[in-house]
Amino acid sequence: MNASEPDADVESVAPEALKQRIDAGEPVAILDVRAEDEFEEWGIDGDSVEVVNLPYFELLDGVSEAQLEQIPSGDPIVVVCAKGGSSELVADHLLDAGRDAVNLEGGMKGWARIYEYRELDADTDATVAQYQRPSSGCMAYMVVSDGEAAVVDPLRAFVNDYVQDARMMGAEIKYAIDTHVHADHVSGVRELAAETGARVVLPESAVERGVEYDTDYETVADGDTLSVGAVDIDVLHTPGHT
């Protein structure tokens, strides 16, 4: 056997299926085998989730009795790494040790691709859709009315989602809006504008603080209005979020 390859077929769980279990409040046991600094930076959590971090390099030759005692009981244990390769080998070691284990398909990279869409029950004639990325908690919104759309705080990784969703709703994206400077994700307003011809909108206060985008943009301030189809989006200045 090659020490870097599992010697048996290891079952995988799709990120979406794992998310459904967590949302349903089912007990989930996770063994995260990434390096400690990566684990501390971000991971999978939830009220019903129990997570233990044991770096992959400590498990190359198998799982010791002492390590087994550290791993939470689960049916099965979900093993997680960055891309799904190292965790597959560790899951195989756990199976050899008599523990039920599955591999998270695509690892944390797959988890980061989950992007949930839902339409909000908003007091408006427009369709207001919310996008949520569970891996980071980042949210974006799309407002659609009379064939026009505005996308608020788009993520670069999901520009195609906004384009496809607007097309399905028979709308052209008129605005790509950033409400603030994003420290927790990469803005997609430039890519969305390049793809659709949308007008990039930034807060006037952000530009005054030195924020610059390498594309044409317009600014808005408290009290301004952006028209989207038959509805208006009112601009409210809410300082404090950087």
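No value in this document is a laboratory result; all are computed from the given coordinates. In this text the structure is predicted, and so the values were computed from the model without any measurement. Quick reminder, even Gly has a Cβ in these numbers, built from the backbone with ideal geometry, and neighbours come from all protein chains shown.
When averaged across all projection directions, what area in nm² does the alpha-carbon convex hull of region 12-111 cover?
Details: hull surface 21.9 nm².
Reported value for the Cα convex hull: 5.5 nm².
Could you pull out the trypsin sites (Lys or Arg not before Pro) across region 100-160 that fall in loop regions by DSSP (anything but H, G, I, E, B) with no more than 15 other Cβ atoms inside 10 Å? Working shown, then result.
Working: sites: K109, R113, R118, R156; in loops: R113.
Filter output for region 100-160: R113.
Would you calculate, for the chain, the mean residue ellipticity at 222 nm contributed by helices, counting each DSSP H stretch of 4 or more residues as -39,500 (n - 2.57) and dividing by all residues, to the nearest 500? Don't skip to the end; give the middle numbers.
Working: 8 runs with 61 residues, N = 242.
-6500 deg cm²/dmol, from helical runs alone.
Among H180, H237, the order by Cβ neighbours within 10 angstrom, fewest to most, reads H237, H180. If you count the DSSP beta bridges with both ends in region 67-176, what percent of them are antiparallel, to the nearest 5? Once the DSSP bridges in region 67-176 are tallied, antiparallel ones form about 70 percent. Considered as an equivalent ellipsoid built on the Cα gyration tensor, region 9-61 has semi-axes of 21, 15, 9 Å, the largest given first.
Report the relative contact order of region 115-234, percent, no decimals, based on alpha-carbon pairs under 8 angstrom and at least 6 residues apart.
On the way: 239 pairs, mean separation 25.0, N = 120.
Relative contact order, region 115-234: 21 percent.
Per the Kirkwood formula applied to alpha carbons, region 69-109 shows a radius of gyration over Rh ratio, Rg over Rh, of 0.96. The protection proxy used here, the mean number of other Cβ atoms lying within 10 Å of each residue, ranks peptides 133-141, 83-91 as follows, highest first: 83-91, 133-141.
Can you quote the Å³ per residue value for the convex hull of the Cα atoms in region 115-234, rounded to an integer? Don't skip to the answer; put the middle values down first.
On the way: hull volume 12.2 nm³, N = 120.
It is 101 Å³ per residue.
If both residues of a DSSP beta bridge must be in the chain, then about 45% of such bridges are antiparallel. How many nm is it between the label spots at R118 and E218, if each spot is 7 Å from the Cα in line with the beta carbon? Placing both labels 7 Å along Cα→Cβ, they lie 3.3 nm apart.
Based on Cα contacts under 8 Å between residues 6+ apart, the chain shows a relative contact order of 13 percent.
Checking (i) 36; (ii) 14; (iii) 22 against percent of Cα pairs over 33 Å apart calculated from these atoms, the matching label is (i).
In degrees, nearest 10, range 0 to 90: what is the angle between the Cα axis of helix 159-168 and the longest Cα principal axis of the chain? Tilt relative to the chain: about 60 degrees.
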